[in-house]
Amino acid sequence: METIKIQINHTEPLTLKKIATILHDEIGEINDLSLEDIEEYFTFLSTNLLPNETFISVITFEIPELVLREKNLEEIIISYLNSLNALDSIISITKVNDTYFQKKSTEYYQEIIDLEMDMRNVLTYIITYDKRRINKELFKDFGIKIAEDLESDKIKQNHENGFFYILFKDYKSFLDIEPLNQKDINNLLLNPTITSFEDFKTKLPTKILETRHLDFLASIKDSFKQLDNIRNSIMHIHSLSNSEMRNYEKHMNDTDMDKSLKTKINDFWNNENELLKEETFIKLAQVEIENIFKEIDDNKDSDYVSENDIVNAMLDDDYQDLEAFQNDILEYIDDEINVLNYTITNENYQQLNTLIESLWNNNED
């Protein structure tokens, strides 16, 4: 059951039978509904005389699912309101509430919220990658105005960041170039390596440092602009036009011509993980190995008991053989530290074994 609320400005009395008959003509016969059945759908909430001698009536009507057998609900509602508006006594009809539209909009908005959260995740990574902090100075640099105090305890306590406080349209600001002065422009024009406009664009100083990150942001810029229009329509309770609906489907679903925004964001993470997986694993493993030796060194003259069995075995002098120690550490690294299941190469093992041997010898000394 969906409920529609309308406000009608009219010049003559409106009767329940008159407004119900029009809906009966639309859906009664095909759904085997009597006029009395349909009269039950309607409720007059108010009727008031205006200073210009016309009336305003506020009416609700409910449409059950059974009327959806031949038409979709949106078509039925619009068709009925058009027929009602055709009466000579009707000056205007305004739909002021529509639970069908609410549910439809909520579904779209939930999808957009999920996408926006994914985008905040990416931007947080990109900004941190560029060794910047997410604070009011950052947004000032990018020309983004926000009303909230980004240093407030509320934000810190909720483990949020400034991207929760910018507008949807502000995402495009991260593609902007740094402001150029006359000297910058002259240097670019005199650069002998610039032979085309494309060369010129690649030399412009950007606020995001990594080219692959800029390429990703550029690839989604137009899609976010289109979704911003749809998001605004939903937030302001507008009906969605056919073009907005097509744009929504285009950017939210994969097609033969292009990938959806969700897929592009997933591709971003897959590309980052693939590009950085080896050096990330090696660094994580090196840090953990160094931590193991530091823990051993810091506690070798005490009764300390570690959560790491390798540390305890080393403190108890159970390892007399370097190779056995190396094998145990590398097995531990693969089980506990290699959280993304990176395929460790022989060269990686050799590199880590060299580090372990060096630290082992230092520890022996």
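The values are calculated or read from the model by the stated rules, or taken from the named source; none is laboratory data. As the structure is a computational prediction, the values presented were derived from the model and not from experiment. A quick note on method: Cβ atoms are made from the backbone with ideal geometry, for glycine too, and the neighbour counts reach across all protein chains shown.
Remarks
- Scanning region 138-164 for residues that are under 13 Å from Thr124 (Cα atoms) and assigned to a helix (DSSP H, G or I) gives Leu138, Phe139, Gly162, Phe163, Phe164.
- Ile146 being at pLDDT 80 or above and closer than 19 Å to Met117 by Cα: yes
- Identity of the residue in region 188-218, assigned to a helix (DSSP H, G or I) and modelled with pLDDT of 70 or more, that ends up farthest from His251 (Cα to Cα): Thr211
- Residue match in region 109-121 (condition: modelled with pLDDT of 90 or more, in contact with a Gly (Cβ under 9 Å, 6 or more places away or on another chain) and not charged (D, E, K, R)): no
- Residue in region 44-65 that is of a type in the set (A, V, I, L, M), out of contact with any His (no Cβ under 8 Å at 6 or more places or on another chain), at pLDDT below 95 and more than 28 Å from Glu249 (Cβ to Cβ) present: no
- Residues located in region 1-58, provided they are assigned to a helix (DSSP H, G or I) and not hydrophobic (A, V, I, L, M, F, W, C): Lys17, Lys18, Thr21, His24, Asp25, Glu26, Glu36, Asp37, Glu39
- Scanning region 322-337 for residues that are loosely packed, with under 15 Cβ neighbours inside 10 Å and of a type in the set (Asp, Glu) gives Glu323, Glu331, Asp335, Glu336.
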